[in-house]
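Working notes, beginning with the structure itself.
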Amino acid sequence: MALAREWDGLIEQVRALDGFGDFLRPPRLEALLPAAAQGPIAVVNLSRRRCDALVVGTGGMRVVELPRLTLETVADRTLRYLVVLSEVDFAAQEVHATWQRYDGGKGGLAAIREYTEAKQAYQRAVADRDRTLDEVLAWLWDEIADPVLTAVGLVDPPLPGQPWPHLWWCPTGLLTLLPLHAAGHHDGTGRAVVDRVVPSYTPTVRALLEARRPLAPAPDDERMLIVAVPDIHGAVPLTDVERERDLLTSVFTGRNTLLEDDTANADTVLTELPRHRWAHFCCHAGQDLTDPSRGGLLLRDRTLSIAEISAQRHSGEFAFLSACMTATGGVALADEAITLAAALHYTGYRRVIGTLWSVYDTTAADVAAAVYADLTATGRFEPDRSADALHRAVRELRDVDGLPPSAWTPFTHTGP
């Protein structure tokens, strides 16, 4: 009882300090509304009783009922989605392993047959993933995205020359694992999120509000931290890491810190991150769906974990995680949104581009090239336009290049 009284007394002292009146209290709605100054925020709530979207605007909050959405359906869809993604990952590893055993023909006919079968299994897994992803995106549109966009009056694509509206998704539960930003029927009818808004994510409404606070004055020698690790033991080599590295070193000539080979180790990255306002990672990453804080960046010496990154504070402006599963959380504590992208965002990087699953082709390098070309088009680097730049890049992949959703859907934007 004495300790409880002491605790209560300390809390009262803290709340008496200027700016700490809401310490350890739920935030007041009025204090959160300014977070929606640049567009609505849709908090999608899952419950066994009912599911709703709480849409936050500058004038208040409204409830958008989602009567056909159930917790059981979300669990079933998420499980199927995760299974087909893991099957592609496994098949890609098998292709890599059998190619190594083939060893340029030294493995003989048995190795050739094994490699051929592995490639066929990979192609079947990719086809299954694409079918499942089309179904998931259509379901997300019908059950969540369309009702939300209709409620806020975003029922048509913007006319040519009009500015694109912006909307932030704040999913909860297992929805943190699904691509809400890409929901839609991608058949040219305009029934898709990316056809009506520029989508971003925020882990919480308060996090978006904090990310809009003024940064400390920029140093005169603003630099881009580039971490490039194309190959680690036991993983499929990343063939386009050198292309991304060369792109970034040319864009940020004389204004970059390049970590590759032996310098791309965990301790050096942890030391350099707080010294840079901009960072780009082109490397492998991994996520432990049962213990997401153990996920992280696979560097030259070891995994730099989400937990380690979260222990630091940064005054960063932009981070591009051109690595696999950097925006994927866990299944046991899905509401916590424990991802690399969220970790960098929470610890001070305002805007973070990440991926929801593994990317094995040249798409990541293509997206990076398009985004940086857009952000440097005026002659200076403008990361505050990163959401719009990523939106244009993924629509280019979909509409011009005609790629399936699996190629462009993984890329997400977190922050203002």
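For residue 213, put the label point 7 Å out on the Cα→Cβ axis and report which residues of the stretch 253-280 keep their amide N under 17 Å from it.
none
Can you work out the FRET efficiency for the pair residue 250 and residue 20, with r the C-beta to C-beta distance and R0 = 45 Å, to the nearest 0.05?
Given R0 = 45 Å and the Cβ-Cβ separation, E is 0.45.
Highest GNM mean-square fluctuation, the chain, Cα pairs closer than 10 Å: which of 131, 302, 15?
Taking springs between Cα atoms under 10 Å, the residue moving most is 15.
Viscosity 0.890 mPa s, temperature 25 °C: what is the translational diffusion coefficient of the chain from Stokes-Einstein with a Kirkwood Rh over Cα pairs, rounded to a whole number of µm²/s?
Answer, rounded: 109 µm²/s.
What residues from the stretch 17-48 fall in the zone where the backbone N is under 14 Å from a label point 7 Å along the Cα-to-C-beta line of residue 71?
45-48
Just to confirm a number: summing +1 for Lys and Arg and -1 for Asp and Glu over residues other than residue 23 whose beta-carbon lies under 14 angstrom from that of residue 23, what do you get?
Summing Lys/Arg as +1 and Asp/Glu as -1 gives 0.
Could I have the simple spin-label model distance between residue 301 and residue 189, label points 7 Å from Cα toward Cβ, reported in nm to one decimal?
Result for the modelled spin labels: 5.5 nm.
How far apart, in nanometres, would the label points at residue 103 and residue 135 be if each is projected 7 angstrom from Cα along the Cα-to-Cβ direction?
Result for the modelled spin labels: 4.2 nm.
Residue 11 to residue 376: extension gain in nm, 0.36 nm per residue of separation minus the Cα-Cα distance?
Residue separation times 0.36 nm, minus the Cα-Cα distance, leaves 126.6 nm.
How much length, in nm to one decimal, is gained on full extension between residue 239 and residue 62, taken as 0.36 nm per residue of separation minus their Cα-Cα distance?
Length difference between fully extended and current span is 59.0 nm.
Label points 7 Å out from Cα along the Cβ direction at residue 116 and residue 272: separation in nm?
4.5
We did not get these values from a lab; they are worked out from the coordinates using the rules stated. Note that the coordinates shown come from a computational prediction; the quantities given were computed from them, not determined experimentally. A quick note on method: Cβ atoms are made from the backbone with ideal geometry, for glycine too, and the neighbour counts reach across all protein chains shown.
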